[in-house]
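Written out below as structure tokens is the structure these notes cover.
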Amino acid sequence: MTETFQFNLLATDGKARRGTVSMPRGEIRTPAFMPVGTVGTVKAMYLDQVRDLGADIILGNTYHLMLRPGAERVARLGGLHELIRWPYPILTDSGGFQVMSLSGLRKLDEKGVTFKSHVDGSLHHMSPERSIEIQGLLGSDIQMQLDECVRLPAEPKEIERAMEMSFRWAERCKAAFGDQPGKAMFGIVQGGDIPSLRERSAEALSGLGLKGYAIGGLAVGEPQAVMLDMIDTTCPHLPTEKPRYLMGVGTPDDILKSVARGIDMFDCVMPTRSGRHGLAFTRHGRINIRNARHAEDMRPLDDQSSCPASRDYSRAYLHHLVRSNESLGGMLLTWNNLSYYQDLMAGIRRAIEQGRYADFIAETQDAWARGEA
Ligand SMILES: O=c1nc[nH]c2cc3[nH]c(NCCN4CCCCC4)nc3cc12
């Protein structure tokens with residue numbers, strides 16, 4: 001592996017890109033899906049299973065880890081990779097989004113965010129500089145700037161204010177991050193559902209010469225068409241030779257369509273969270289295994305899959321486990337879902353290499369629509 005951070009564009013098919021991100025801790029094949037390991041665990045999975053499914057990188061959350069076990073404590077324990085036994089790349093979100101969605105937010109101003117912990121109610125202040133310091137203490141390989149993500153719908157003035165402050169925070173995070181060759185700090189494009197603000201944000205962040213760029217402020221309740229429009233609006237204003245990461249996205253359909261518009265990296269709790277709630281993602285579309293129709297269905301979720309959870313267990317058994325609220329139910333469905341997501345990404349990468357991505361989209365969506373006999 002390289003001692004630096006290097007994005008290599010290997011092939012394109014329309015706006016879809018096939019590449020690799022080379023880092024000291026490993027190589028990331030893009031387009032990539034990053035399983036979410038919020039508090040240092042991909043819930044209901046062993047990390048060697050996550051790796052075996054094809055994940056090159058996982059995501060951790062600064063907000064959760066700073067509250068528990070604490071950033072300085074993780075550093076004293078040798079850093080996140082050592083603690084959780086994941087030697088490959090880790091990307092950490094910066095905390096702003098989780099503060100807005102999880103904590104009792106007390107104040108947000110130019111200095112940063114002040115909030116009450118959802119764990120024990122303790123008061124915390126996080127500045128852009130402290131967010132980068134925490135991500136450094138965790139040992140994060142790809143660190144995200146602190147930003148303000150505005151929920152949609154929102155007033156244009158509010159979206160503009162948040163976008164402009166997020167840019168100023170990007171400058172401060174860049175200064176705090178300094179020069180760390182084997183690591184990266186990504187900027188986050190904001191601007192809500194307003195094309196002119198998206199363009200301004202992307203152009204300004206591109207001017208900072210960062211190693212990668214995220215598109216934030218989406219997957220916050222807007223229709224898929226709006227999200228896709230904002231991707232179309234933003235990508236032309238980002239450097240082609242840097243990776244693009246769409247935060248919090250998404251369903252398999254979201255991913256197919258976003259790759260077609262130039263996105264390289266994704267993260268979403270969908271496959272893990274919905275697996276724990278009994279939803280299975282398969283080649284044939286979604287299956288809610290809690291539904292009574294599965295109670296005596298002896299077929300597996302997918303007899304063509306290489307994943308034991310998908311190939312070796314009957315729907316009847318999975319139905320029983322989930323209905324009985326047995327841990328094994330969530331474990332097997334999470335295993336199946338992450339396997340499906342990683343197989344989808346592998347299919348996407350192969351189709352782009354072969355110049356047949358449009359056909360791949362059509363074939364995949366047809367299989368979902370057909371369902372199964
Ligand atoms: O603008 C953002 N900045 C920093 N982190 C983010 C994380 C995000 N996550 C999402 N959406 C998550 C959607 N997810 C879908 C499955 C169910 C739970 C919510 N948008 C985001 C925007 C941001």
So the FRET efficiency between residue 372 and residue 269, C-beta based with R0 = 25 Å and rounded to 0.05, is 0.45
Rounded to the nearest 10 Å², the 1.4 Å probe accessible area of residue 15 is 120 Å²
Each label sits 7 Å from Cα toward the beta-carbon; between residue 3 and residue 52 the label points are separated, in nm, by 3.6 nm
Reduced to Cα centres, the span from the stretch 58-110 to the stretch 311-333 in Å works out to 31 Å
accessible surface per residue for the stretch 131-213, probe 1.4 Å, DNA/RNA/ligands not counted, whole Å² -> 35 Å²
If amide H atoms are modeled at 1.01 Å from N in the peptide plane, then the residues at a separation of 5 or more from residue 214, or on another chain, having amide H under 5 Å from its own are 187, 188, 189, 245
Residue 354 and residue 118 label points (each 7 Å along its Cα→Cβ direction) are spaced in nm at 4.2 nm
So, with points 7 Å from each Cα along the Cβ direction, the residue 15-residue 241 label distance in nm works out to 2.2 nm
Phi-derived 3J(HN,Hα) across the stretch 292-301 with the Karplus relation (6.51, -1.76, 1.60, θ = phi - 60°), rounded Hz, x for Gly and Pro, is 4, 5, 8, 4, 10, 8, 7, 6, x, 5
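Given a 1.4 Å probe and every protein chain left where it sits, what share in percent of the accessible area of the chain is carbon and sulfur?
Heavy-atom surface of the chain belonging to carbon and sulfur, 1.4 Å probe: 50 percent.
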Rounded to the nearest Å, the spacing of the alpha-carbon centers of the stretch 1-54 and the stretch 193-243 is 21 Å
Inverse of <1/r> over all distinct C-alpha pairs of the stretch 224-373, i.e. the Kirkwood Rh in Å, gives 16.4 Å
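Looking at the square roots a ≥ b ≥ c of the eigenvalues of the Cα gyration tensor of the stretch 68-214, which shape do they give, rounded for a/c under 1.5, prolate if a/b is larger than b/c, or oblate?
oblate
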With a 28 Å threshold on alpha-carbon distance, the violating pairs from 111/211; 111/157; 107/257; 43/183; 43/116 are 107/257
One can check that the equivalent ellipsoid of the stretch 1-72, built from the alpha-carbon gyration tensor with semi-axes equal to the square roots of five times its eigenvalues, has lengths in Å, largest first, of 27, 15, 12
Note to self: C-alpha centroids of the stretch 344-373 and the stretch 253-270 sit apart, in Å, by 14 Å
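The values are calculated or read from the model by the stated rules, or taken from the named source; none is laboratory data. Note that the structure is a prediction, hence the values are computed from the model and not measured. Positions of Cβ are backbone-derived with ideal geometry, glycine not excepted, and every protein chain shown enters the neighbour counts. Accessible surface is based on the protein model in full, side chains and every heavy atom, while ligands, DNA and RNA are left aside. Shrake-Rupley method; radii C 1.70, N 1.55, O 1.52, S 1.80 Å.
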